[in-house]
Amino acid sequence: MADKKIGGAGLRGQSAGETALCTVGQTGSGLTYRGFDIKELAEKATFEEVAYLLLKGKLPNQAELDAYIAKLKSQRGLPAALKTVLEQIPKDAHPMDVMRTGASMLGNLETEQSFDEQQDATDRLVAVLPSIICYWYRFSHEGVRIETETDDDSVGAHFLHLLRGEAPSKLHADVMNVSLILYAEHEFNASTFTARVCASTLSDIHSCVTGAIGSLRGPLHGGANEAAMAMIEDWKSPEEAEREMMGKLERKEKIMGFGHAIYRTSDPRNEIIKHWSEKLANDVGDTVLYPVSVRCEEVMWREKKLFCNADFFHASAYHFMGIPTKLFTPIFVMSRVTGWAAHVFEQRANNRIIRPSADYTGPEKSEWVPIEQRD
Ligand SMILES: CC(=O)SCCNC(=O)CCNC(=O)[C@H](O)C(C)(C)COP(=O)(O)OP(=O)(O)OC[C@H]1O[C@@H](n2cnc3c(N)ncnc32)[C@H](O)[C@@H]1OP(=O)(O)O
Ligand SMILES: O=C([O-])CC(=O)C(=O)O
């Protein structure tokens, strides 16, 4: 891993623009949002403060934060036409596809008419994405049409409340808060880059976010938390986990939740979410899933010097809170929408259409053959 070749495939190691939002791996394994270390934010901030920091450029004072939270709380309702669309989506649809459709439909109903509306359009998205996924989930799985307004101040507690029909415990609300902070922003990752490419054509914010959701969905990116859970959920002991992991490595399978395009020795988010996963394991009296996860981490480091990324211990943490596996990646969306939008604002403020070149590998000259003479 240490002598990884930079450049070439995947644009790795190449700068594709400037950002004042985030540094990834600059100080070894560090992560900062607008200069604030992720560890400090995870310990001291609320997700709403972090969202404000990313979107509005500074930490809010108390009055600003109160007003921001009040605004988000007032915008959780779903337009009737959006509810109708969500009710058409089948139960077996992937929730990320529901998020994608929800963001896109909102763009039809509440179109961003000018870039002056970008902050308001983003606040609306942050407020309403939990409503979109929970409305669809509860309707398709339980046949109920839920009210999407709650009294919870935080996005995380609000999401759990909608999902379960009751306010969460303080522990669960705290874990959601940290989780949303950890997932909020990560420089030029694939989904954010998607959003910036879309923004560079001067497209609307809903198109940028809809495209970004599509990029986040894949198992090499945000979908890894769900894929990691699918892998570990059947393993009944650390010994079984070790055997299975060794088999996967021998077969040269990719193991989801490990490795990173930028970090080389660790992902700073892992230590934080792992700590919360352990707390939740103790809370629910788990003696299997957490030790299995820890063994996976040990085996991957021992065998391949590959480390857990942000997604791996998110799997067990969400599972301990009773969140259905297929809703894991939509939670990532609820958080990362703040980073995506902040990058869209940045792109718009200093825009040039993103249009790289390609190295051509096709034929030099092709002969035209009339259709009736073709093989
Ligand atoms: C929030 C996030 O999006 S974090 C990322 C979430 N994604 C995952 O967890 C999916 C699993 N991980 C991966 O597929 C990769 O590590 C990625 C996509 C994250 C990064 O990809 P790259 O930058 O191409 O990885 P990198 O160049 O460091 O890989 C080096 C070698 O390690 C291998 N490797 C990297 N990750 C893994 C893994 N999880 N399991 C097995 N082997 C791996 C690669 O196959 C490569 O081997 P090779 O040179 O023989 O092909
Ligand atoms: O930066 C990346 O490539 C992926 C990642 O960890 C993230 O988007 O949070």
Check your understanding: In terms of the ratio Rg/(2.2 N^0.38 Å) built on C-alpha atoms, what value belongs to the stretch 318-362?
Key -> 1.93
Point to revise | Computed over the stretch 95-236, Cα set: Rg, Dmax in Å | key: 16.2, 54
Point to revise | Per-q log10 I(q)/I(0), the chain, q = 0.11, 0.13, 0.15 Å⁻¹ (Debye; single scatterer per alpha-carbon; no solvent) | key: -0.78, -1.07, -1.39
Practice item. Give me D for the stretch 265-317 in µm² s⁻¹, whole number, from Stokes-Einstein with Rh from the Kirkwood sum over alpha-carbon pairs, 10 °C and 1.306 mPa s. Key: 143
Review point. Modelled label-to-label distance, S114 and R145, 7 Å Cα→beta-carbon offset: nm?
Key: 3.7
Revision key, fill the gap. At q = 0.10, 0.20 1/Å the base-10 log of I(q)/I(0) from the Debye formula over the alpha-carbon atoms of the stretch 83-170 is -0.27, -0.96
Review point. What FRET efficiency would be calculated for the residue pair K254, K71, taking the C-beta separation as r and a Förster radius of 25 Å, to the nearest 0.05?
Key: 0.05
**Study point:** Residue-averaged 222 nm ellipticity for the chain, from DSSP H runs of 4+ at -39500 (n - 2.57), nearest 500
**Key:** -18000 deg cm²/dmol
Check your understanding: Size of the dipole of the chain about the Cα centre, Lys and Arg at +1 and Asp and Glu at -1 on the beta carbon, nothing else charged, in debye to 20?
Key -> 660
Check your understanding: Considering the chain, which cysteines have no disulfide-compatible partner, defined as another cysteine with its Cβ under 4.7 Å away?
Key -> C22, C134, C296, C308
Check your understanding: Extension gain D37-R355, at 0.36 nm per residue separation less the Cα-Cα distance, in nm?
Key -> 111.2 nm
Revision key, fill the gap. The orientation-averaged projected area of the Cα convex hull of the stretch 255-375, in nm², is 14.9
**Study point:** Accessible surface of the chain, 1.4 Å probe, proportion on carbon and sulfur as whole %
**Key:** 50
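Where does the stretch 12-135 land on Rg/Rh, using Cα atoms and the Kirkwood Rh?
Values: Rg = 17.4 Å, Rh = 16.9 Å.
That ratio is 1.03, to two decimals.
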Practice item. Write down the radius of gyration of the stretch 185-270 and its Dmax, each obtained from C-alpha positions, in Å. Key: 16.6, 53
Check your understanding: Which residue, S179, S215, S203, tops the fluctuation ranking in a GNM of the chain built on C-alpha contacts under 10 Å?
Key -> S203
Check your understanding: the stretch 228-313: percent of C-alpha pairs farther apart than 20 Å?
Key -> 29
Exercise for review: Identify which of R34, R352, R336 has the largest mean-square fluctuation in a Gaussian network model of the chain, with springs joining Cα atoms closer than 10 Å.
Suggested key: R352
Practice item. Determine the distance separating the Cα centre of the stretch 39-108 from the Cα centre of the stretch 301-375; give it in Å without decimals. Key: 21
Exercise for review: Kindly state, to the nearest 0.05, the FRET efficiency for Q88 paired with R302, given R0 = 35 Å and r defined as their beta-carbon distance.
Suggested key: 0.10
Point to revise | GNM flexibility winner over the chain from K365, K91, K236 (Cα, springs under 10 Å) | key: K365
Review point. Between Rg and the Kirkwood Rh of the stretch 40-109, both from Cα atoms, what is the Rg to Rh ratio?
Key: 1.11
Exercise for review: Step through the table entries K44/K236; K44/K248; K56/K274; K58/K326; K39/K304, compare each Cα-Cα distance with 28 Å, and write down the pairs that go over it.
Suggested key: K44/K236; K44/K248; K56/K274; K58/K326
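The values are calculated or read from the model by the stated rules, or taken from the named source; none is laboratory data. What you are looking at is a predicted structure, and each value in this text was computed from that prediction instead of being measured. Glycine also receives a Cβ, built like all others from the backbone with ideal geometry; neighbour counts cover every protein chain displayed. We work out accessible area using only protein heavy atoms, side chains counted, and drop any ligands, DNA or RNA first. Shrake-Rupley method; radii C 1.70, N 1.55, O 1.52, S 1.80 Å.
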